[in-house]
Amino acid sequence: MKLSTKHLLGIKDLTVEDVNLFLDTAAQFKEVLQRPVKKVPSLRDVTIVNLFFENSTRTRISFELAEKRLSADTINFTASGSSVSKGETLLDTVNNILSMKVDMVVMRHSASGAPHFLAQHIPAAIVNAGDGVNEHPTQGLLDAFSIKEKMGTLKGVKVAIIGDIMHSRVAMSNIYLLKKMGTEITVCGPPTLIPKYLKEAFDVNVSYNLTQTLNWCDVANVLRIQLERQNQVLFSSLREYNLSYGISRRLLESLNKDIVIMHPGPINRGVELDSDVADSGQSIILQQVENGVAVRMAVLYLLSNKNN
């Protein structure tokens, strides 16, 4: 079976078959990662450049590890120490890298649509590692993989996405993917952090009441408050946010059931989640990190056309 696309620019354009192929292939690679020897020669002789124009720890390390596990040759590029800081354009930067015969580009950029722009101008396969407030497709895939692993299915599962929906590319990729796979979604947060068009445009439930939302859901995917993306004051203080929308141990114990807690990281402890929730048995946050490597291995492998 083959993907319907040459690139992974977003979840929006994937078919259900594409999503299933990514998730099934990730499950196979997760088995590989449990072995004593975790390296496979699947992408030997494939050269991948990690092109990060925006700060990243988890995603960059996860991609680097996935590439090493697949035996790919990798080049790591960060904008701060490059000619970009001297005024070089994005296209010039990439064309210079491509002249070194690169096969794939993993790219994070602060501008929404930057990976789509690249895909129109260069022949290499592009993987979007996060573009502005648009999408973060591999995070969406690994979140879906983690939910499916825990719940056994995606269809009919009730997922709450809680927090800063407006500035979150993770929220958009999750909504696109989970809606495709038959999951029920409620977004929850302060009215100032939930776009007004969301309910009609995406057919998701909107709630401003955290306790009601947690009582409804099977899985809570809790998002980071992205202060660096907010160019105006959208709530009075982090303390007020925590009192209204932070998840504490006491709140979880007051529910009529156990729910699964997720977070794409990095966590603002004491803001979205208290430490005793993040580190509890209901949390699968560390499993998400582990699954991220398997999912990114699957993405790189399938886009490389080595599975033909």
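Each reported figure results from applying straightforward, stated rules to the coordinates on display, with no laboratory input. Quantities reported herein were computed from a predicted structural model and do not represent experimental measurements. In this analysis, Cβ positions are derived from the backbone assuming ideal geometry, glycine residues included, and neighbour counts consider all displayed protein chains.
Just a few scattered comments:
- Packing-based exposure ordering (other Cβ within 10 Å, fewest first) of Lys6, Lys148: Lys6, Lys148
- Mean-square fluctuations from a GNM of the chain, with a 10 angstrom spring cutoff on Cα atoms, peak among His121, His109, His263 at His121.
- The angle between the Cα long axis of helix 169-180 and the main principal axis of the chain comes to about 80°, on a 0 to 90 degree scale.
- In this Cβ point-charge picture (+1 for Lys and Arg, -1 for Asp and Glu), the range 1-113 has a dipole of about 380 debye about its Cα centre.
- Relative intensity, log₁₀ I(q)/I(0), of the range 149-210 from a Debye sum that treats every alpha carbon as a point, q = 0.13, 0.19 Å⁻¹: -0.31, -0.66
- One Cα centroid belongs to the range 171-197, the other to the range 26-45; the line between them spans 33 Å.
- The chain: calculated mean residue ellipticity at 222 nm from DSSP helix runs of at least 4, using -39500 (n - 2.57): -11500 deg cm²/dmol
- Percent of beta bridges antiparallel (DSSP, the chain, rounded to nearest 5): 5
- Around the amide H of Val133, modelled in the peptide plane, lie the amide H atoms of Ser112, all under 5 Å away and 5 or more residues distant in sequence or on another chain.
- Max mean-square fluctuation residue, GNM over the chain, Cα-Cα springs under 10 Å, options Ile161, Ile147, Ile61: Ile61
- Kirkwood hydrodynamic radius (C-alpha pairs) into Stokes-Einstein, the range 159-308, 25 °C and 0.890 mPa s, D in µm²/s: 151
- Charge dipole magnitude, Cβ of K and R +1, D and E -1 - the range 84-212, Cα centre, debye nearest 20: 280
- Against the chain, whose longest principal axis comes from its Cα atoms, helix 137-151 is set at around 50 degrees.
- Positive end of the dipole of the chain (Cβ unit charges, origin at the Cα centre): among Ser168, Gly265, Thr47, the Cα lying farthest that way belongs to Thr47.
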